[in-house]
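Have a look at the structure below before the remarks.
Bear in mind that the values in this text are calculations on the coordinates, not laboratory data. Since this is a predicted model, take the numbers as computed values, not measurements. Don't worry about glycine lacking a Cβ; one is built from the backbone with ideal geometry, like all the others, and counts go over all protein chains shown.
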2 protein chains.
Amino acid sequence: MSNALTPEIIQERIKKIPEWELNEDSISRSFEFDEYQFAIDFVNTIAEIAEEAQHHPDISINYTNVTLVLTTHSKGGLTESDFEVALRIDSLGD
Amino acid sequence: MSNALTPEIIQERIKKIPEWELNEDSISRSFEFDEYQFAIDFVNTIAEIAEEAQHHPDISINYTNVTLVLTTHSKGGLTESDFEVALRIDSLGD
């Protein structure tokens with residue numbers, strides 16, 4: 001298990017995921033879809049990534065909008081796991 | 001489209017769904033599952049109900065916990081649609 005990252009390392013890591021917002025102890029990104037079912041399909045894909053990584057983002061579904069929040073509760077902040085999962089999610093669009 | 005319900009009717013309707021919490025302008029219920037995939041399966045079932053009813057609860061997934069919030073934004077409060085969808089969700093356990 002990775003430890004909570006220092007603010008300096010967080011500033012480095014966040015540069016690689018410019019679509020994500022850096023919050024107090026988490027990172028978040030919202031996705032908007034054309035149809036409700038596309039949003040649900042996306043949530044299923046996120047769930048697969050989460051299970052593979054054994055690291056599960058909080059997911060909010062508001063009709064066609066899906067918001068993901070990553071943090072590592074057990075470490076009280078952001079860890080490498082959060083940034084790894086964010087990178088995997090961002091690579092879905094490739 | 002049904003209109004926003006009066007407080008008196010809301011008090012009647014909420015009696016039929018005792019597991020739901022009555023909030024300011026919404027009703028909510030949380031569900032806890034033994035496994036992450038069960039939570040995701042449940043979300044897919046909720047999505048089917050939502051599409052059939054053309055009324056979509058806000059859904060929050062926090063690992064094995066799923067919280068649903070029902071309100072009718074276009075009417076600025078609770079309508080019959082919210083209670084109908086809540087009843088359908090509650091009947092899943094039957």
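Observations on the structure shown:
- For chain A, the longest principal axis of the C-alpha atoms and the axis of helix A:36-53 are separated by about 30°.
- Charged side chains reduced to their Cβ positions (Lys and Arg at +1, Asp and Glu at -1) give region A:7-93 a dipole of some 180 debye around its Cα centre.
- Peptide B:33-45 is shielded by partner chain Cβ atoms: per residue, an average of 3 of them sit within 10 Å of its Cβ.
- Protection proxy ranking of A:53-61, B:15-23, B:70-78 - average other beta-carbon atoms within 10 Å, highest first: A:53-61, B:70-78, B:15-23
- Simple spin-label estimate for A:ASP41 and B:LEU92 in nanometres, 7 Å along Cα-Cβ: 2.2
- Minimum Cβ-to-axis distance in chain A for the rotation onto chain B, with residue, whole Å: A:SER60, 3
- With label points set 7 Å from Cα along Cα→Cβ, the inter-copy distances at B:LEU92 are 2.0 nm, sorted shortest first.
- Copy-to-copy label distances for B:LYS15, where each label lies 7 Å from Cα along Cα-to-Cβ, are 6.5 nm in order of increasing length.
- Label distances, nm, B:PHE33 versus same residue in remaining copies, Cβ-directed 7 Å point: 1.6
- For the protein assembly as shown, alpha-carbon Rg relative to the globular expectation (2.2 N^0.38 Å, N residues): 1.14
- Averaged over A:65-77, number of beta-carbon atoms from partner chains that fall within 10 Å: 1
- Structure-based [θ]222 nm, chain A - -39500 (n - 2.57) summed over DSSP H runs of at least 4, per residue, nearest 500: -12500 deg cm²/dmol
- Phi angles across region B:60-70 convert, under the Karplus curve 6.51 cos²θ - 1.76 cosθ + 1.60 with θ = phi - 60°, into 3J(HN,Hα) values of 10, 10, 10, 6, 8, 10, 10, 10, 10, 10, 10 Hz, Gly and Pro given as x.
- Modelled FRET efficiency - R0 45 Å, A:LYS75 with B:GLU8, Cβ distances, 0.05 increments: 0.35
- For region B:7-93, the equivalent ellipsoid derived from the alpha-carbon gyration tensor has semi-axes of 22, 13, 12 Å in decreasing order.
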